[in-house]
Amino acid sequence: MILNIENLHFSYGITEIFNRVNLTINENEQIGLVGQNGTGKSTFLKLLTENLIPDSGNIFKKKQLNIGYLAQEPEVIENQTLNEVFYSVFESLQEMECKITELGEKIASASEENQELLIKEFGELQDAFTEVNGYEYPSRIRGVANGLNFSADDLKKPFSQLSGGQKTRACLGKMLLMEPELLLLDEPTNYLDIETLQWLEQYLNTYRGTFIIISHDRYFLDKVCHKILEVNRKTINVFEGNYTSYALKKKQLLIEMDHQYTQQMKEVKQQQAIIDRFRQYNSIKSSKRAASREKALQKIELLEKVETTKVSHFNFKPRIKSGNDVLRVEQLKKSFNQKLLFENIDFEIQSGDKIGIIGPNGIGKTTLLKILLKQIPADSGLIQFGHKVFCDYFDQEHDSLTAFQNDNLLETIWDVDSKLTEGEIRNILAAFLFQGEDVFKTVNTLSGGEKARLLLARLMISQANFLLMDEPTNHIDMDTKEILENALTQYDGTLLFISHDRYFINRIANKIYLFSDKGIEVFLGNYDDYLRHQTSAAERLALQEQEHLSSPTKTQIKNDRRKQKEAETKIRQLKKNIRSIEENLIKLENEIKSIEAQMCKPSFYDDQQLVTETSQAYELKKKELEKMTDEWENALLHLESLES
């Protein structure tokens, strides 16, 4: 056990978030934290990190528990490049490196009487550095940077110049490099492309420690989690297994709870009817019997009625139907600061198309949408919209809400359509789970999920017939995501969207655009169809290679024979070198043993000059032995690879 929670209570003012939460978290658990937006998932992580303090109850932690926390909003890091941010994780190791270098320099210039102590300190520090895998951290940084899709140029950029998505990935990378014993990640999959998402899944599956992850990515939770914590009705319920297992168990549990509640209400109603009948007899005996039954009825612990979570139901209805040709793009090109982002972008969109754009982050997918919307200019190329095409845009950064930060929700919706009455706006907002006094919240107080729902509400009443959406499922909960999917499948306008949510893409898209810096490759069908096409293409390529290999030409046969002879010559030479190294190793080991025998003699330390010279010679021999041993091991590995 690394963490134990007992009878936890927490409120924001008069709003109770948690009531009597009891929970245990153990070593090496892989946990997903789910629940409706606003139920307290992020609050729970902040309580674990002591960013918030519970009203009552206790959170007991293992002594010296190291906790790492990645919030939804990236931390602000000033005056550091991305590379410096990553290297800052290993400051203690860098200090050890500097000290080892300094000691080496001191040994070279120290007096005879100080050298022995310095050499001993040098050896102990090297051993400690090796013990904490000090020599590995540069390669770990490179691995995480590559996995999170950062280029060598990105690593040189100041953190402040990174995009919002890059900053989030940078903070995620920093947290992964820290390798805390308890890792808390709040929506880490936002801003990750599919390739990077797959890398993160593999990384977390080998993570040495416990992690708790808030995510709305159903595939991701299935891949990395073996336990689900559900925040619901002011408490936290535990479900063993991945998300799919949780969803099935939850459904079965709700059915059982509803059945138990119905049976109990039936029993209560029957008992109350008997009590009423006894009271009608109006005799002493019947009154006593009524009182007895009433007392027994009062002792029954009543079950709570199972309430299904209210979810929004909405439709996107175009004001008018566009022409059949919605958009034509030819030879589109864009560069930033003389660096090419993309070129040769050609595609045509027809009315009713629902197109999912996929591709690595930083390739220019969001930039493409902003060029189509004339928010930024292209370097060259043709963009031609069809007849009666009216666009609207869902941006993943929610920048379109910046101008409304101090406005309430009513005012933000009125901005789209000033003819709507307050009652009509309240009905619209209610469809997006904003009810009662919620409509008077100001935009700057909304969570990421609430801002996403507000943007969807504005999008709905815009009545556009061509929707451009950039990561529309970021920040929204599972139920709202499903309702959005249902609304978009029924939408009879045209849709062009960017998403890394594989489930969402699969349900919505009838075409996939694979985006690269050289152009767009079009695949008909949904994400599953795209995967099948990729798999079959790989299989065809493998088959072609196999056919090519199975029927070698005369030139190939001649080359193969030549290569085989060369390999045999290399093997003979390598075996000869290995024998030579082994002979030298034996000789060197005997020399070291001889020195050690000399150093063990009591009279050895009588001559200080001899001690110094012999100690230095001993260290040099040991280093030579270590270097020769590495050379011998590398030679053996090389031989093994050649012979295989």
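Considering every residue within the stretch 466-479, establish whether at least one is charged (D, E, K, R), in a helix (DSSP H, G or I) and modelled with pLDDT under 90.
We begin by selecting, within the stretch 466-479, every residue charged (D, E, K, R); these are 470-471, 477, 479.
Pick out the ones that are also in a helix (DSSP H, G or I) and you get 479.
Remaining after also requiring modelled with pLDDT under 90: 479.
Yes, the stretch 466-479 contains at least one residue that is charged (D, E, K, R), in a helix (DSSP H, G or I) and modelled with pLDDT under 90.
Can you tell me which residue within the stretch 393-449, out of those that are among the hydrophobic types (A, V, I, L, M, F, W, C) and open to solvent by 70 Å² or more (accessible area, probe 1.4 Å), is farthest from the chain's Cα centre (by Cα)? Full working, then the answer.
Restricting attention to the stretch 393-449, the residues satisfying the condition of being among the hydrophobic types (A, V, I, L, M, F, W, C) are 394, 401, 403-404, 409-410, 413-414, 416, 420, 425, 428-434, 439-440, 443, 446.
Right, trim to open to solvent by 70 Å² or more (accessible area, probe 1.4 Å) and you get 403, 414, 440.
Values: Ala403: 30, Trp414: 36, Phe440: 33 Å.
So the residue we want is Trp414.
Against the condition in contact (Cβ under 8 Å) with a residue 12 or more places away in the chain and loosely packed, with under 15 Cβ neighbours inside 10 Å, how does Leu254 come out, does it pass? Let's see the steps before the verdict.
Working: in contact (Cβ under 8 Å) with a residue 12 or more places away in the chain: yes; loosely packed, with under 15 Cβ neighbours inside 10 Å: yes.
So Leu254 fits the description; yes.
On the basis of being over 25 Å from Gly448 (Cα atoms), acidic (Asp, Glu), open to solvent by 10 Å² or more (accessible area, probe 1.4 Å) and modelled with pLDDT of 90 or more, does Glu267 make the cut? Reasoning before the result, please.
Working: over 25 Å from Gly448 (Cα atoms): yes; acidic (Asp, Glu): yes; open to solvent by 10 Å² or more (accessible area, probe 1.4 Å): yes; modelled with pLDDT of 90 or more: no.
So Glu267 fails the test.
Cβ contacts < 7 Å: first residue under 26 Å from Ile461 (Cβ atoms), restricted to the stretch 368-396; second residue of a type in the set (Lys, Arg) and open to solvent by 70 Å² or more (accessible area, probe 1.4 Å), any location; separation 6+ or different chain. Result?
Cβ pairs passing all conditions: Phe390/Arg319.
From the list Phe159, Phe122, which one is free of Cβ contacts under 8 Å to residues at least 60 places away in the same chain, more than 17 Å from Gly68 (Cβ to Cβ) and buried (at least 18 other Cβ atoms within 10 Å of the Cβ)?
Working: Phe159 fails: free of Cβ contacts under 8 Å to residues at least 60 places away in the same chain.
Selected residue: Phe122, the only one of Phe159, Phe122 that is free of Cβ contacts under 8 Å to residues at least 60 places away in the same chain, more than 17 Å from Gly68 (Cβ to Cβ) and buried (at least 18 other Cβ atoms within 10 Å of the Cβ).
Scanning the stretch 176-201 for residues that are buried (at least 20 other Cβ atoms within 10 Å of the Cβ) and touching a Gly at 6+ places or on another chain (Cβ under 6 Å), which turns out farthest from Thr473 (Cα to Cα)?
Leu183
Yes or no: the stretch 200-210 includes at least one residue that is over 17 Å from Ser447 (Cβ atoms), modelled with pLDDT of 85 or more, over 10 Å from the mean Cα position of the chain (by Cα) and of a type in the set (A, V, I, L, M, F, W, C).
No, the stretch 200-210 contains no residue that is over 17 Å from Ser447 (Cβ atoms), modelled with pLDDT of 85 or more, over 10 Å from the mean Cα position of the chain (by Cα) and of a type in the set (A, V, I, L, M, F, W, C).
Could you check Asn133 against (1) in contact (Cβ under 8 Å) with a residue 12 or more places away in the chain; (2) out of contact with any Ser or Thr (no Cβ under 7 Å at 6 or more places or on another chain) and say which number it fails?
(1)
So which helices (runs of 4 or more DSSP H) stay within the stretch 22-120 end to end and still have 3 or more residues that are over 19 Å from Pro180 (Cα atoms)?
82-87, 91-109
Using the structure shown, decide if Asp492 is modelled with pLDDT of 85 or more, open to solvent by 40 Å² or more (accessible area, probe 1.4 Å) and either within 30 Å of Leu341 (Cα to Cα) or not in a strand (DSSP E or B) (or both). Quick ask: steps written out before the conclusion?
Numbers: modelled with pLDDT of 85 or more: yes; open to solvent by 40 Å² or more (accessible area, probe 1.4 Å): yes; either within 30 Å of Leu341 (Cα to Cα) or not in a strand (DSSP E or B) (or both): yes.
Yes: the conditions hold for Asp492.
Looking at Asp127, Asp153 in this structure, which one is more than 27 Å from the chain's Cα centre (by Cα) and either on the phi < 0 side of the Ramachandran plot or part of a helix (DSSP H, G or I) (or both)?
Values: Asp153 fails: more than 27 Å from the chain's Cα centre (by Cα).
The match here is Asp127.
Residue under question is Arg507, and the condition is that it be open to solvent by 30 Å² or more (accessible area, probe 1.4 Å), without any contact (Cβ under 8 Å) to a residue 40 or more places away in the chain, closer than 28 Å to Leu368 by Cα and in a helix (DSSP H, G or I); does it hold?
On the way: open to solvent by 30 Å² or more (accessible area, probe 1.4 Å): yes; without any contact (Cβ under 8 Å) to a residue 40 or more places away in the chain: yes; closer than 28 Å to Leu368 by Cα: yes; in a helix (DSSP H, G or I): yes.
Spelling it out, Arg507 is indeed open to solvent by 30 Å² or more (accessible area, probe 1.4 Å), without any contact (Cβ under 8 Å) to a residue 40 or more places away in the chain, closer than 28 Å to Leu368 by Cα and in a helix (DSSP H, G or I).
What pairs come out if I take residues in the stretch 319-331 that are in contact (Cβ under 8 Å) with a residue 12 or more places away in the chain and pair them with residues that are basic (Lys, Arg) whose C-beta lies under 8 Å away, six or more apart or interchain?
So the pair list comes out as Ile320/Lys388; Lys321/Lys388; Ser322/Lys388; Gly323/Lys388.
Kindly state which strands (runs of 3 or more DSSP E) lie completely within the stretch 283-361 and contain at least 1 residues that are more than 27 Å from Ala457 (Cα to Cα), out of contact with any helix residue (DSSP H, G or I) (no Cβ under 7 Å at 6 or more places or on another chain) and open to solvent by less than 70 Å² (accessible area, probe 1.4 Å). So that I can check it myself, show each step before the final result.
Numbers: elements: 325-336, 339-350, 354-358.
Passing ranges, in order: 325-336, 339-350.
Does Ser283 meet the test of being farther than 30 Å from Ile213 by Cα, at pLDDT 85 or above and of a type in the set (Ser, Thr, Tyr)?
no
Being surrounded by fewer than 22 Cβ atoms within 10 Å (Cβ to Cβ) and within 15 Å of the chain's Cα centre (by Cα): is that true of Gly241 here? Before the answer, list the steps.
Details: surrounded by fewer than 22 Cβ atoms within 10 Å (Cβ to Cβ): yes; within 15 Å of the chain's Cα centre (by Cα): no.
No, not satisfied.
Does the stretch 464-476 contain any residue that is open to solvent by 40 Å² or more (accessible area, probe 1.4 Å) and farther than 25 Å from Gly359 by Cα? So that I can check it myself, show each step before the final result.
Of the stretch 464-476, the ones open to solvent by 40 Å² or more (accessible area, probe 1.4 Å) are none.
So far as the stretch 464-476 goes, no, none of its residues is open to solvent by 40 Å² or more (accessible area, probe 1.4 Å) and farther than 25 Å from Gly359 by Cα.
Are any of the residues in the stretch 203-226 open to solvent by 50 Å² or more (accessible area, probe 1.4 Å) and closer than 19 Å to Gly40 by Cβ?
No, the stretch 203-226 contains no residue that is open to solvent by 50 Å² or more (accessible area, probe 1.4 Å) and closer than 19 Å to Gly40 by Cβ.
Do you know which of the residues in the stretch 40-71 that are among the polar types (S, T, N, Q) and open to solvent by 40 Å² or more (accessible area, probe 1.4 Å) is nearest to Met175 (Cα to Cα)? Talk me through it step by step, then tell me what you get.
From the stretch 40-71, those among the polar types (S, T, N, Q) are 42-43, 49, 51, 56, 58, 64, 66; that's our starting set.
In the following step, the residues that additionally are open to solvent by 40 Å² or more (accessible area, probe 1.4 Å) were identified as 51, 56, 58, 64, 66.
Working: Asn51: 17, Ser56: 30, Asn58: 26, Gln64: 18, Asn66: 12 Å.
Ranking the qualifying residues of the stretch 40-71, first place goes to Asn66.
Might you check whether a residue that is over 21 Å from the mean Cα position of the chain (by Cα), of a type in the set (Asp, Glu), open to solvent by less than 90 Å² (accessible area, probe 1.4 Å) and within 30 Å of Ala152 (Cβ to Cβ) occurs anywhere in the stretch 96-113?
Among the residues of the stretch 96-113, at least one is over 21 Å from the mean Cα position of the chain (by Cα), of a type in the set (Asp, Glu), open to solvent by less than 90 Å² (accessible area, probe 1.4 Å) and within 30 Å of Ala152 (Cβ to Cβ), which makes the answer yes.
The values are calculated or read from the model by the stated rules, or taken from the named source; none is laboratory data. The structure displayed is predicted, hence computed values, not measured ones. Counting neighbours? That spans all protein chains shown, and the Cβs are built from the backbone with ideal geometry, glycine included. Surface areas here come from the heavy atoms of the whole protein model, side chains and all, with no ligands, DNA or RNA. Shrake-Rupley method; radii C 1.70, N 1.55, O 1.52, S 1.80 Å.
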